[in-house]
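Computed from the coordinates by the stated procedures, all read-outs in this text should not be read as laboratory data. Everything numeric in this text was worked out from a predicted model, so none of it was measured. Cβ placement follows ideal geometry from the backbone for every residue including glycine, while neighbour counts extend to all protein chains displayed.
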Amino acid sequence: MGLKLGTSGESFVLCKFHKIQTRTYSLKSGKVIPSETWYGEQKKKTKSSKVKEDQKISQTDDIISQKASDSIDVHIVGKGSKGFSRAVVINTTSTRYLFNCGEGIQRFFMVDKLKIAKIEHLFLTSNSWSNIGGLIGLLFMLENIGVPKITLHGPPNVEGISSMCKHLGQSDGTKLEKRLLTEGNYEDNNFKFQYVPFFRKKEKTDEAAFASKKPKLDSLPVEVSVAYICTPKPSIRRIDIQKCIELDIAPGPCLNLVKTGESVTLEDGRVINSEDILKPLVQSPSFIKCSHSGFLTPLINNEGLKKYQNTDENTPVEMTVDLIIHLTPEHIVKLPEYQQWINSFGANVKHMIFEDTFSNVMDDEGSKIQSHLNLLHPELFPLLPALTTPTSTLPDMTSNIITGENNLKYHYKPYTQLSRELITQPNLEDFQSEITRNPEITEAIDNFKQEVAKLKSEIPKDDRVYPEIVFLGTGASTSSKFRNFSGILLRLDDSKSIMLDCGEATISQLYDHYGEKTDSILRTLNGVFISHMHADHHLGLCGIIQARLDAFGKEKKDIPRLIVAAPSSMKRWINYIDGRIYPVSAAIKFFPLQRLKLEDKLNIAKLLNLDDFNPVDVNHCLGAKGLCLKYNGFKLVYSGDTMPCNNLVRHGKDCDILIHEATFDEGMEKEAKFKMHSTTTQAIEIGQKMKAKQIILTHFSQRFKKVPNFTNIHTSNVSIAFDHMTVRPCDYPYLSLLLKPLAVMFEDAIKINNIIKMKRTQKDALKLESEAAQVKSHSS
Ligand SMILES: [Zn+2]
Ligand SMILES: [Zn+2]
């Protein structure tokens, strides 16, 4: 019997069952009766194809002969937004199959509480950056938890990306194994995946934005998109007792034969087929994605997909689709041709489509923190647009057209059901009422507001809003529900801005922060500074460059190049992406930080409208830099990642603001030194040596829940950063006053942090004790 899994725009997936073998069995004689029905002829065909199937199975992994999973569901991991491509996971008892892997995918897994370790296969519908931007981060995460291998299915030119990161692909790391499209369909114990590639000719206009330089990608005449047809393997079907009663069939051993697909002739002469008494087979969905209108005609005309069209209730199950998941952008789904194509699958097919959105607020807890902080100070902690715009309606469970949402699930086994139990919808009022109902926090917020008002009345009026610092990511090395990877947007004025580092999913953070205004902000972006080549600082660069180009519009020919000042080895990355994914180098002007001469610095300063651009060596990995810059009489210092660094102190003297990393807590100096980072206390000491007027700490270890341990900070010019915190010069005088109300708001999180810290100290003490005991036993 057959069933299909849906398709996803650039590509799509169908699932179907294998044909079940049919025989006739006499209860009386116990012999198999050759059937005169059409099954006879059909059987021969089945047999020959089965032999082929068996041969193929014997040549492939043992995994194929293992039992098929009794549980299958399709989970919408990300509904997609301007900064993040749609991603879907098929869950089985043993394995997860991920379809597409945009920047920020790990965060989605974290928020959705999906175990990332079970991912064994990644299917890409195309090799666009929006589909693969999260691949390196995913591999790092899988490597951390000891996953030995992940198999990559999809278009060419993607797998080599892991070689861009030194640590990946080494003997004990997670191996990225590519399965070529030419190797044919893939199957394991749960599914058979059929590859359906389709192509579009590259258009000249695609490269209009890169008019000044001929990109290498231009040499590829076509762009490949892949659809996948997934056929779940049949598992044992159960007998429908109600049907047996209706047909007056007594239970007995013969019914077990029917379970395996046999036909049974009863003593009264009736022939009972499996379909008469077995519960119906579950059906799976299909995924389709058509990311570019240029793929529309090839998709609609694809022969591999045509056979599932024009179906009705009489069509054999193997020729029908139960659900098609269209990962295609909304504006393409709305085209009349696409709508017609959707309808051509027949009235029995369900279609899941997605709305194009700007932001993708994925998590209740993260949104809740935003809304709480906003009560403290609405300018420092602006509300994310998604929290103030009406939420979309929940999917209608009865219609044939279902709107995809984060966490929507479609169950296939052991029952078929659309489930929205996991869908959450952030509600600003509910979130904020948690705070307004708490008298201690309300009092702390009121006191803060009074102190700010008093301070403002005592100092000269200051209404400077620029340069504005927007913290887009304030976490160290991994992302969490509350903090993304490093990324700071420095807005010099309303028409010029610079980015200081951009870890993975910085672009999503930008869209979350600015919503519909993001494109206009991206058009103000003149430059990006990458402090060093650790993945948490640079993996978002390609996404930013592409989004900036899109923001200018493909038709515009004179897009100013983005200044990228980064370590020399960033060039390797750019070359890789350039030749295989999209022509990035033509959109930027690259300055390798290790080889900057004085005239280059002057040139960059001029191009970025700065008075001074001065990258300085810091104590972290090889080639790591901090940055001192001057603009309009204002001096800003950014540490990047570093241990306490006197060189930074020397160059950063008397700055207006120091943004310093504070990865570790006070008392973790050993660990900080080992990993070449700073503790909060060390960072503050550096600021004091530098005579920085203001110090903002960032890059906090993700071991801390929600906030770092800041209650030991008693310095009057220090504050801590949060994702989306927006700091203007007029806010500086009262920044440090924030710590008091924050300590009340995050009291529980701080308690948890202290318990973690205590446990760690005890563990360290035990380790030291056992080391000492070992030394003693050796010497005695
Ligand atoms: Zn870092
Ligand atoms: Zn680092």
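Here are a few things to note about the model shown:
- In order along segment 342-354, the Karplus-derived 3J(HN,Hα) couplings, from 6.51 cos²θ - 1.76 cosθ + 1.60 at θ = phi - 60°, round to 4, 5, 5, 7, x, 6, 7, 8, 8, 10, 9, 10, 10 Hz, and Gly and Pro are given as x.
- Three-way shape label, segment 560-690, alpha-carbon gyration tensor, a/c 1.5: oblate
- Our estimate of slack between Ser163 and Lys307, defined as 0.36 nm per intervening residue step minus the Cα-Cα distance, is 47.8 nm.
- Taking packing as the residue-averaged number of other Cβ atoms within 10 angstrom, the listed peptides 346-353, 102-109 run from highest to lowest as 102-109, 346-353.
- Percent antiparallel among DSSP beta bridges (both partners in segment 591-729, rounded to 5): 50 percent
- Overall form of segment 457-611 per C-alpha gyration tensor (a/c, 1.5; a/b vs b/c): rounded
- Only Cα pairs under 8 Å and 6+ residues apart enter the sum, and on that basis the relative contact order of segment 431-552 stands at 20 percent.
- Derived scalar couplings between HN and Hα for segment 117-130 equal 5, 7, 5, 10, 9, 10, 10, 9, 7, 7, 9, 5, 4, 5 Hz in order, rounded to whole Hz, by the Karplus curve 6.51 cos²θ - 1.76 cosθ + 1.60 (θ = phi - 60°), x for Gly and Pro.
- Spin-label model, Arg270/Ser569: points 7 Å from Cα along the beta carbon direction are separated by 7.4 nm.
- The stretch between Ser433 and Arg595 holds 52.9 nm of extra length on full extension. This uses 0.36 nm per residue minus the Cα-Cα distance.
- Rounded FRET efficiency, nearest 0.05, which uses the C-beta distance separating Leu602 from Lys653 and R0 of 25 Å: 0.75
- Looking at segment 468-727, the DSSP beta bridges with both ends there are about 50 percent antiparallel.
- Centre separation in Å (Cα based) which lies between segment 613-634 and segment 533-553: 21 Å
- For segment 687-712, backbone nitrogen atoms closer than 15 Å to the point 7 Å from Lys670 Cα along Cα-to-C-beta are found at no residue.
- Once the C-beta distance of Gln688 and Thr442 is scaled by a Förster radius of 35 Å, the resulting FRET efficiency is 0.55 to the nearest 0.05.
- Note on Lys178 and Cys621: the model spin-label points, each 7 Å out from Cα along the C-beta direction, lie 2.3 nm apart.
- Of Lys243/Lys413; Lys178/Lys571; Lys175/Lys706; Lys175/Lys670; Lys350/Lys413, those spanning more than 27 Å from alpha-carbon to alpha-carbon: Lys175/Lys706; Lys175/Lys670
- Most to least packed among 153-159, 268-274 [average Cβ atoms within 10 Å]: 153-159, 268-274
- Contour minus Cα-Cα distance for Lys557 and Val465 (0.36 nm per residue): 29.8 nm
- Peptides 454-465, 753-764 ordered by packing proxy, namely the average of other Cβ atoms within 10 Å per residue, highest first: 753-764, 454-465.
- Its Kirkwood hydrodynamic radius, worked out from the mean inverse distance over all distinct Cα pairs, puts segment 468-727 at 18.2 Å.
- Entries in Lys79/Lys118; Lys368/Lys689; Lys740/Lys763 that, when Cα-Cα distance is taken, lie over 29 Å: Lys368/Lys689; Lys740/Lys763
- FRET efficiency estimate (nearest 0.05) - Cβ-Cβ, Met758 to Lys454, R0 51 angstrom: 0.85
- Extending 7 Å from Cα along the Cβ direction at Gln242 and again at Glu516 yields two label points whose distance is 4.9 nm.
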